[in-house]
Amino acid sequence: MNFLACDGSWQVGAGGESICAGTLQSITGEEMQTQFGTALSWDEVAELRGDIITLFAIVFGFLVLKKLL
């Protein structure tokens with residue numbers, strides 16, 4: 001799979017279209033992986049899962065308290 005990259009900054013035109021303020025480049029999936037690092041480790045996945053569950057519990061608790069009060 002190929003990705004479109006811009007060596008400058010992306011901007012939004014008047015019609016809502018994306019405009020590259022630099023040069024467009026085509027980058028393969030393998031190049032993206034080597035350039036931006038590897039996937040998450042299982043330890044990182046477990047940590048993120050715990051954080052997401054905690055965040056969900058806090059938001060759910062807040063909504064329940066808001067409804068009760």
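The values are calculated or read from the model by the stated rules, or taken from the named source; none is laboratory data. Note that the structure is predicted; figures quoted are calculated from it, not measured. So basically every Cβ, Gly included, is an ideal-geometry build from the backbone, and we count neighbours across all protein chains shown. To get the accessible areas, we keep the full protein, side chains included, count just its heavy atoms, and leave off ligands, DNA and RNA. Shrake-Rupley method; radii C 1.70, N 1.55, O 1.52, S 1.80 Å.
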- [ ] Enumerate the pairs (first residue in the range 39-66 and within 30 Å of G29 (Cβ to Cβ); second residue anywhere and in a helix (DSSP H, G or I)) with beta-carbon separation below 9 Å, excluding pairs fewer than 6 apart on the same chain, so at least 6 apart or on different chains.
- [x] A39/Q33; L40/L48
Open item on the list: All but one of (1) hydrophobic (A, V, I, L, M, F, W, C); (2) open to solvent by less than 80 Å² (accessible area, probe 1.4 Å); (3) modelled with pLDDT of 95 or more hold for F62; state the number of the condition that does not hold.
Closed with: (2)
